[in-house]
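Input: a single structure, listed below in structure tokens.
The values are calculated or read from the model by the stated rules, or taken from the named source; none is laboratory data. These numbers were taken from a predicted model, which means no experiment stands behind them. Every residue, glycine among them, receives a Cβ derived from its backbone with ideal geometry; neighbour counts consider all protein chains shown.
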Amino acid sequence: MDDFARGGGEGAVGGPQRSGPQVSAGTALIRGLMKRCPHCGIGPIYVRWAHDARVCSHCGLVYEPTEGDTWAFTIIGDRIPVAAGIVIVYFELGSRLGPLALFAAMTVVIALLVWTTPNRWGLGVALLYLQRTWWPDPLDKLPK
């Protein structure tokens, strides 16, 4: 049991289980935030501002093997901060600022959220990568 908890032993289907991520969780998350492949750190996740590359050009990692795999990470890491930012600016600052200052503050918050969108989505790709390495699927092909 101790061996299985450390990542050794067999997986749920009976095949050999990978021994955790090939890179540390922190490294993979930082690479995702920087819009780089969480596996190798070299290939870009996006070729333009937010047009995903689908596959790493360096190591061959498929970023999202099945359409919608990063959906939960996108909702948590994207929609909730947007809503929280708007609520904080509106309710917290709205009572203290005049309408023009409130509009300027909301514009700044929205601009920051739009500007950092690919970074947050890259973090979602990194979280999916960590999920795939910690709980492997025998049919999922991760690069060595």
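Of F73, F91, which residue is surrounded by 14 or more Cβ atoms within 10 Å (Cβ to Cβ) and out of contact with any Asp or Glu (no Cβ under 9 Å at 6 or more places or on another chain)? Answer to the selection: F73. With respect to the conditions (1) more than 29 Å from G26 (Cβ to Cβ); (2) part of a helix (DSSP H, G or I); (3) touching a helix residue (DSSP H, G or I) at 6+ places or on another chain (Cβ under 7 Å), E92 lacks only one, and its number is (3). Scanning the stretch 35-61 for residues that are aliphatic (A, V, I, L, M) and either over 16 Å from L127 (Cβ atoms) or surrounded by fewer than 16 Cβ atoms within 10 Å (Cβ to Cβ) (or both) turns up I42, V47, A50, A53, V55.
Listed by first and then second residue, the pairs linking a residue in the stretch 124-144 that is free of Cβ contacts under 8 Å to residues at least 40 places away in the same chain and at negative phi to a residue that is hydrophobic (A, V, I, L, M, F, W, C) and in a helix (DSSP H, G or I), with Cβ atoms under 9 Å apart and 6 or more places separating them unless they lie on different chains, are Q131/F73. Scanning the stretch 36-72 for residues that are part of a loop (DSSP other than H, G, I, E, B), within 14 Å of the chain's Cα centre (by Cα) and hydroxyl-bearing (S, T, Y) turns up Y63, T70.
Take the residues of the stretch 114-144 that are among the β-branched types (V, I, T) and either in a loop (DSSP other than H, G, I, E, B) or out of contact with any strand residue (DSSP E or B) (no Cβ under 9 Å at 6 or more places or on another chain) (or both): which is surrounded by the most Cβ atoms within 10 Å (Cβ to Cβ)? Lay out the reasoning, then the answer.
Filtering the stretch 114-144 for residues among the β-branched types (V, I, T) gives 114, 116-117, 125, 133.
Now restrict to residues that are either in a loop (DSSP other than H, G, I, E, B) or out of contact with any strand residue (DSSP E or B) (no Cβ under 9 Å at 6 or more places or on another chain) (or both): 114, 116-117, 133.
Details: V114: 12, T116: 15, T117: 15, T133: 21.
Applying the filter and picking the extreme gives T133.
Run down A105, A83, A12 and say which single residue is among the small types (G, A, S), in a loop (DSSP other than H, G, I, E, B), at pLDDT below 90 and over 15 Å from G124 (Cα atoms). Steps first, please.
Numbers: A105 fails: in a loop (DSSP other than H, G, I, E, B); A83 fails: in a loop (DSSP other than H, G, I, E, B).
Unique residue meeting the criteria: A12.
It is to be established whether one or more residues within the stretch 51-70 are at pLDDT 85 or above, farther than 15 Å from P143 by Cβ and basic (K, R). No, there is no match, as no residue in the stretch 51-70 is at pLDDT 85 or above, farther than 15 Å from P143 by Cβ and basic (K, R).
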